[in-house]
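Worksheet: one structure, shown below.
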Number of protein chains: 2
Amino acid sequence: MVQFVHPARDDITLTGVLAALSDPMRLRIVKALLQEGECMSCTAAAPCPEIPKSTLSNHFRILREAGLIQTTKKGVENRNVVRESDINLRFPGLLKAILKHAAE
Amino acid sequence: MVQFVHPARDDITLTGVLAALSDPMRLRIVKALLQEGECMSCTAAAPCPEIPKSTLSNHFRILREAGLIQTTKKGVENRNVVRESDINLRFPGLLKAILKHAAE
DNA sequence: TTCAATAGTCCCATATTTCCGAACTACTGA
DNA sequence: TCAGTAGTTCGGAAATATGGGACTATTGAA
């Protein structure tokens, strides 16, 4: 098994965050996670069911490495949450300003 | 000569804007253009002088096609401006929220 | 005019990144 | 022990970025 890589808050970069959110699918994942509030598994947060598993896994890795989400393994599934406070501390107002405009 | 391609305001997409700004060099270009206020040539807005011309030209094309800047040809050089009002009408608060955190 | 200089664009080969099927791992419950 | 579930990893194909070099358009000078 692999330990998930999460950058420290201060290592989160603006361009990294923008790059992670510049993909429609990842944007929808983050939006879904925020709307839920609770932790969500990867498949639960997936924007559409027919997306290949490996692609989905890849998107979550990118979000994780950009510092946008935190992932922990719980039983057979992953629990994902948006690192809302970390992002807000590092880039106040950014996440809200972006997600305000994200379509459903 | 080629006529520059500029999307209509309503064709500007959120993910397109984020993708365009997710490159450190392009972020610095936009920041420089906004700080200047006036039109700037490509080389004047370039973040560093040693950057290859073709790469710079490519970055400006990406910013242009994302709807972030408007380019017109004036004599031997290009005049670039950020389409600030278009972006602000389409995605209120976005540009400011992003550039607030851009280094430099 | 013609010529050189300047500012960018276009083309194209290389390098990097993304996508996704298939095989694999980790955990759970029967 | 075994099957099922949730995700990861691998690897090849497809897409995209980089940058050198040739090209175009404009200007200013001889």
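Could you please let me know if B:Ile51 is within 12 Å of DNA strand C (Cβ to nearest atom) and either under 30 Å from A:Arg26 (Cα atoms) or within 13 Å of chain A (Cβ to nearest Cβ) (or both)? It is false that B:Ile51 is within 12 Å of DNA strand C (Cβ to nearest atom) and either under 30 Å from A:Arg26 (Cα atoms) or within 13 Å of chain A (Cβ to nearest Cβ) (or both). Cβ-Cβ contacts under 8 Å between residues 6 or more apart (or on different chains), taken from a first residue in segment A:3-16 that is in contact (Cβ under 8 Å) with a residue 60 or more places away in the chain to a second residue that is away from DNA strand C (no atom under 14 Å from the Cβ) and open to solvent by 100 Å² or more (accessible area, probe 1.4 Å), are listed as A:Arg9/A:Leu89.
Identify all residues within segment B:89-104 that are touching a residue at least 12 places away in the same chain (Cβ under 8 Å), surrounded by fewer than 20 Cβ atoms within 10 Å (Cβ to Cβ) and not in a loop (DSSP other than H, G, I, E, B); write none if there are none. Once the filter is applied, which keeps residues that are touching a residue at least 12 places away in the same chain (Cβ under 8 Å), surrounded by fewer than 20 Cβ atoms within 10 Å (Cβ to Cβ) and not in a loop (DSSP other than H, G, I, E, B), segment B:89-104 yields B:Leu89, B:Arg90, B:Leu99. Within segment B:16-32, restricting attention to residues that are open to solvent by 30 Å² or more (accessible area, probe 1.4 Å) and within 12 Å of DNA strand D (Cβ to nearest atom), the residue that is farthest from the other protein chains (Cβ to nearest Cβ) is B:Met25. Note on segment B:33-42: residues that are farther than 13 Å from B:Thr71 by Cβ and either touching an Asp or Glu at 6+ places or on another chain (Cβ under 8 Å) or open to solvent by less than 30 Å² (accessible area, probe 1.4 Å) (or both) total 1.
Residue count for segment B:29-45 satisfying the condition of being within 13 Å of DNA strand C (Cβ to nearest atom) and closer than 12 Å to B:Leu95 by Cα: 0. When residues of segment A:54-88 are filtered for being in contact (Cβ under 8 Å) with a residue 40 or more places away in the chain, closer than 30 Å to B:Leu89 by Cβ and either within 14 Å of chain B (Cβ to nearest Cβ) or not in a strand (DSSP E or B) (or both), how many remain? Here the count works out to 5.
The condition of being closer than 30 Å to B:Lys100 by Cβ and more than 16 Å from DNA strand C (Cβ to nearest atom) holds for only one of A:Arg61, A:Arg90, A:Arg26, that being A:Arg90. Scanning segment B:63-82 for residues that are within 11 Å of DNA strand D (Cβ to nearest atom) and open to solvent by 50 Å² or more (accessible area, probe 1.4 Å) yields a count of 6.
The values are calculated or read from the model by the stated rules, or taken from the named source; none is laboratory data. This structure is a prediction, so every number in the text was calculated from the model and none was measured. All Cβ positions, even for glycine, are placed from backbone atoms using ideal geometry, and neighbour counts span all protein chains on display. Note: areas computed on protein heavy atoms with side chains; ligands, DNA, RNA excluded. Shrake-Rupley method; radii C 1.70, N 1.55, O 1.52, S 1.80 Å.
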